[in-house]
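This report concerns only the one structure given below.
The values are calculated or read from the model by the stated rules, or taken from the named source; none is laboratory data. Quantities reported herein were computed from a predicted structural model and do not represent experimental measurements. A quick note on method: Cβ atoms are made from the backbone with ideal geometry, for glycine too, and the neighbour counts reach across all protein chains shown. Just the protein is used for accessible areas: all its heavy atoms, side chains included, with ligands, DNA and RNA removed. Shrake-Rupley method; radii C 1.70, N 1.55, O 1.52, S 1.80 Å.
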Amino acid sequence: MKPARSHDIAPAARSPRDRYRSLLKPLLAGLAAVLLAFAFAKLGGEVVEGDTRSFDLYFLHGAQALRAGHPWVASVMRDLSGLGSTTVLTLFTVICIGYLMLVSARTTAFLVAAAVVTGSGFVSILKTAFGRLRPAPEFAELVASGLSFPSGHASNSAIVFLTLGALVASSRGSMPERLYILATAALMTVLVGVSRVALGVHWATDVLGGWAFGAAWALAWLLVARRVTGR
């Protein structure tokens with residue numbers, strides 16, 4: 001009888017580890033989504049009770065002083081803030097959906113559209129529920145309308161950039177490529193949120209809440225996509 005060679009049995013030897021990893025990854029992602037949702041709820045409670053006022057005022061006054069001492073900051077922050085506008089995020093989403101339809105990934109395209117549309121709608125509901133007012137206009141570089149918590153720019157940019165970044169990263173085989181793509185998506189999300197505080201149109205906790213909600217929403221929908229598409 002011919003002895004089995006090492007490469008003949010390698011797949012069988014690796015399969016238990018692969019099954020373990022395939023189970024562990026969604027569990028960790030689910031845990032992260034739950035923790036982020038809990039952090040959002042906890043922060044929302046602190047905001048309602050007024051316990052974040054000193055924290056928020058510290059960053060509001062700091063941002064005002066930064067703009068006064070460095071006039072160029074306001075211009076840069078306006079540009080970064082535009083990355084989280086409804087127009088830009090809609091454009092990113094439509095381009096992504098169009099590409100997914102082109103490569104016949106219609107289910108994934110539908111899930112992306114559903115994640116973004118429902119996430120944006122839920123942010124509006126949360127804003128109404130919390131009813132928090134924005135910082136006073138004299139502290140802001142520009143006047144923005146609407147309610148404050150959670151930040152729509154921070155929430156929606158997290159939903160769009162993190163969801164699209166994860167989808168693109170999942171199509172790459174190299175770990176450095178995946179990490180670069182995910183880091184870029186996270187950086188864009190962070191820059192949009194920071195710009196809203198720097199411009200004085202949001203309290204710092206509005207942005208923190210937006211990041212927590214948006215990241216939790218993106219993770220939840222990515223788990224749905226994994227379940228539906230098997231990826």
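What the table below lists for this structure:
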| item | result |
| --- | --- |
| Check on SER124, among the polar types (S, T, N, Q) and open to solvent by less than 50 Å² (accessible area, probe 1.4 Å) | no |
| Counted residues, region 63-91 - those being loosely packed, with under 13 Cβ neighbours inside 10 Å and of a type outside the set (Asp, Glu) | 10 |
| Residue tally, condition open to solvent by less than 50 Å² (accessible area, probe 1.4 Å) and of a type in the set (Gly, Ala, Ser), over region 169-183 | 2 |
| Residue within region 130-143 that is among the aliphatic types (A, V, I, L, M), under 13 Å from the mean Cα position of the chain (by Cα) and open to solvent by less than 70 Å² (accessible area, probe 1.4 Å) present | no |
| Residue, farthest from VAL47 (Cα to Cα), within region 191-231, restricted to residues that are surrounded by fewer than 16 Cβ atoms within 10 Å (Cβ to Cβ) and among the β-branched types (Val, Ile, Thr) | THR229 |
| Helices (runs of 4 or more DSSP H) contained entirely in region 33-121, each with at least 3 residues that are more than 23 Å from ALA198 (Cβ to Cβ) and under 17 Å from the mean Cα position of the chain (by Cα) | 86-102 |
| Subset of region 141-175 (residues that are part of a loop (DSSP other than H, G, I, E, B) and farther than 19 Å from LEU83 by Cβ) | VAL143, SER145, LEU147, SER148, PHE149, SER171, ARG172, GLY173, SER174 |
| Output for region 42-55, where each listed residue is surrounded by 13 or more Cβ atoms within 10 Å (Cβ to Cβ) and either over 11 Å from LEU208 (Cβ atoms) or out of contact with any helix residue (DSSP H, G or I) (no Cβ under 8 Å at 6 or more places or on another chain) (or both) | VAL48, ARG53 |
| Single match in ALA158, ALA186, ALA166 (criterion: surrounded by fewer than 24 Cβ atoms within 10 Å (Cβ to Cβ), touching a Gly at 6+ places or on another chain (Cβ under 9 Å) and within 18 Å of LEU36 (Cα to Cα)) | ALA186 |
